[in-house]
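Novice: Structure incoming, see below.
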Amino acid sequence: MKLDETIKGRRSIRKYQDVEIPDSVIEELLDLALHTPSSMNGQPWHFIVVRRQETKTKLAEIKNRYCPVEKQMYRADFLKDAPVIIVVCVDKNKSYDREVENAVLATLNILLGAFSRGIGTVYMSAYKPDDSRISEEIRKALRIPMSIAPITIIPLGYPDETPEPKTIRDIKGAISYESY
Ligand SMILES: Cc1cc2nc3c(=O)[nH]c(=O)nc-3n(C[C@H](O)[C@H](O)[C@H](O)COP(=O)(O)O)c2cc1C
């Protein structure tokens, strides 16, 4: 698949077929993630691959507990039904004060690599800037050391839904030239 088609075709998928994704495919995606640019080339990533049902259910429960009222349409129940979840973490000591950016860029490579292989994903956050409790709970559930920060959670599975088409805003409204 061409890169433009991958970028334009990717959609969030929240319903998955009950079909396993082999470790070899997950490792291909994580290899793509390791090719992401990173601050000072620190390559600070650590990926936790979760397949155990008990852990997936725990992650869904934590995400739901911190889901604000206005985002209830995006409750995280589907997390427990994903065949596999990747939690993208970064080593704080190798992030050069750019923990979030380093993790988010790597996450995008995983999302795009997954889509180009027919695998559905959704971007989800593992932290809140103004409330450390969610990342602390995730840290505890996954036994993540203090020097490592969980930043995103990506459920993966072969899609069992086709999202409604998405309207993309007019490009003219998103650009100005030379100054704002
Ligand atoms: C920072 C960020 C946080 C998001 N958090 C959630 C989430 O908690 N739950 C969820 O279902 N989707 C979440 N999403 C996915 C968005 O809802 C989705 O990308 C958006 O609706 C656009 O749809 P698309 O991905 O199909 O293009 C998040 C996306 C981003 C970029």
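Novice: How big is the range 89-168 in terms of Cα radius of gyration and Dmax, in angstroms?
Specialist: Both quantities, over Cα of the range 89-168: 14.6, 42 Å.
Novice: So how far apart, in nm, are the two label points at ILE168 and LEU108 if each is 7 Å from Cα heading toward Cβ?
Specialist: Taking the two extended label points, one gets 1.4 nm.
Novice: Shifting gears a bit: Please identify every one of the trypsin sites (Lys or Arg not before Pro) in the range 99-166 that sits in a loop by DSSP and has no more than 10 other beta carbons within 10 Å of its own beta carbon.
Specialist: Values: sites: ARG117, ARG133, ARG139, LYS140, ARG143, LYS166; in loops: ARG117, ARG143, LYS166.
Those that pass, being in a loop and sparsely packed, are ARG143, LYS166.
Novice: Another question about this same structure. I'd like to know which of VAL88, HIS46, GLN72 lies farthest towards the positive end of the charge dipole of the chain, counting +1 on Cβ of Lys and Arg and -1 on Cβ of Asp and Glu.
Specialist: The residue sitting farthest along the positive end of the dipole is GLN72.
Novice: Can you work out the Karplus-derived ³J(HN,Hα) for every residue in the range 146-151? Use 6.51 cos²θ - 1.76 cosθ + 1.60 with θ = phi - 60°, whole Hz, and x for glycine or proline.
Specialist: 4, 6, 10, 10, x, 10
Novice: I need the shape label for the range 90-137. Rule: rounded when a/c is under 1.5, else prolate if a/b > b/c, else oblate, with a, b, c from the alpha carbon gyration tensor. Walk me through the numbers before you get to the answer.
Specialist: On the way: a/c = 3.26, a/b = 1.61, b/c = 2.02.
Because a/c hits 1.5 or more and a/b fails to exceed b/c, the range 90-137 counts as oblate.
Novice: Determine which lysines satisfy two conditions relative to LYS94: a Cα distance under 30 Å, and not lying fewer than 8 residues away in the same chain.
Specialist: Straight-distance partners of LYS94: LYS56, LYS58, LYS63, LYS128, LYS140.
Novice: Next question. Applying the Karplus parametrisation 6.51 cos²θ - 1.76 cosθ + 1.60 with θ = phi - 60° to the phi angles of the range 55-63, what ³J(HN,Hα) value in whole Hz is obtained for each residue in order, glycine and proline being reported as x?
Specialist: 6, 5, 5, 5, 5, 4, 5, 5, 4
Novice: Per DSSP H run of at least 4 residues, take -39500 (n - 2.57); add these up for the chain, divide by its residues and hand me the 222 nm value, nearest 500 deg cm²/dmol. Write out the running numbers ahead of the final one.
Specialist: Details: 5 runs with 60 residues, N = 180.
Dividing the helical sum by the residues of the chain leaves -10500 deg cm²/dmol.
Novice: Could you identify which residue out of MET124, MET40, MET73 has the top mean-square fluctuation in a GNM of the chain using Cα springs shorter than 10 Å?
Specialist: Result: MET73 has the largest fluctuation of those listed.
Novice: Neighbouring Cβ atoms within 10 Å as the yardstick, rank LEU105, LEU3 fewest first. Please list the in-between numbers first.
Specialist: On the way: LEU105 17, LEU3 9.
The most exposed by this proxy come first: LEU3, LEU105.
Novice: Can you tell me the equivalent ellipsoid semi-axes for the chain? Use √(5λ) from the Cα gyration tensor, largest first, whole Å. Don't jump to the answer; show the numbers that get you there.
Specialist: Details: eigenvalues 114, 96, 68 Å².
Semi-axis lengths for the chain are 24, 22, 18 Å.
Novice: Neighbouring Cβ atoms within 10 Å as the yardstick, rank THR107, THR167 fewest first. Can you show the working numbers first?
Specialist: Working: THR107 23, THR167 6.
Ranked by crowding around the Cβ, least crowded first: THR167, THR107.
Novice: Continuing with the same structure: For ASP23 and TYR158, calculate 0.36 nm times their separation in residues minus their Cα-Cα distance, and state this gained length in nm to one decimal.
Specialist: Details: separation 135, 0.36 × 135 = 48.60 nm, distance 1.42 nm.
Contour length minus Cα-Cα distance gives 47.2 nm.
Novice: Scan around THR36 for amide H atoms under 5 Å from its own, H built in the peptide plane at 1.01 Å from N, and keep only partners 5 or more places away or cross-chain.
Specialist: none
Novice: Taking neighbour counts of Cβ atoms within 10 Å as a proxy for exposure, in what order, fewest first, do HIS46, HIS35 appear? Each step should come with its number before you reach the end.
Specialist: Values: HIS46 16, HIS35 10.
The order, fewest Cβ neighbours first, is HIS35, HIS46.
Novice: Give the relative contact order (percent, whole number) for the chain; include only Cα pairs under 8 Å separated by 6+ residues. Could the numbers behind the result be given before it?
Specialist: Details: 297 pairs, mean separation 58.8, N = 180.
Over the chain, the number comes to 33 percent.
Novice: Also: Excluding same-chain residues fewer than 8 positions from LYS172, which lysines have a Cα within less than 21 Å of its Cα?
Specialist: Output for LYS172: LYS8.
Novice: Only loop residues by DSSP count here, and only those with at most 16 other Cβ atoms within 10 Å; note down the GluC sites (Glu not before Pro) in the range 13-112 that meet that.
Specialist: Numbers: sites: GLU20, GLU27, GLU28, GLU54, GLU61, GLU70, GLU99, GLU101; in loops: GLU20.
Answer in residue order: GLU20.
Novice: Right, next: So what are the ³J(HN,Hα) numbers for the range 108-114, from phi and the Karplus equation (6.51, -1.76, 1.60; θ = phi - 60°), rounded to whole Hz, Gly and Pro as x?
Specialist: 4, 4, 5, 4, 6, x, 5
Here, each number is a calculation from the coordinates, and none is a lab measurement. From a predicted model like this one, the values you see are computed outputs, not experimental measurements. Reconstructed Cβ throughout: ideal geometry from the backbone, glycine too, with neighbour counts over all protein chains shown.
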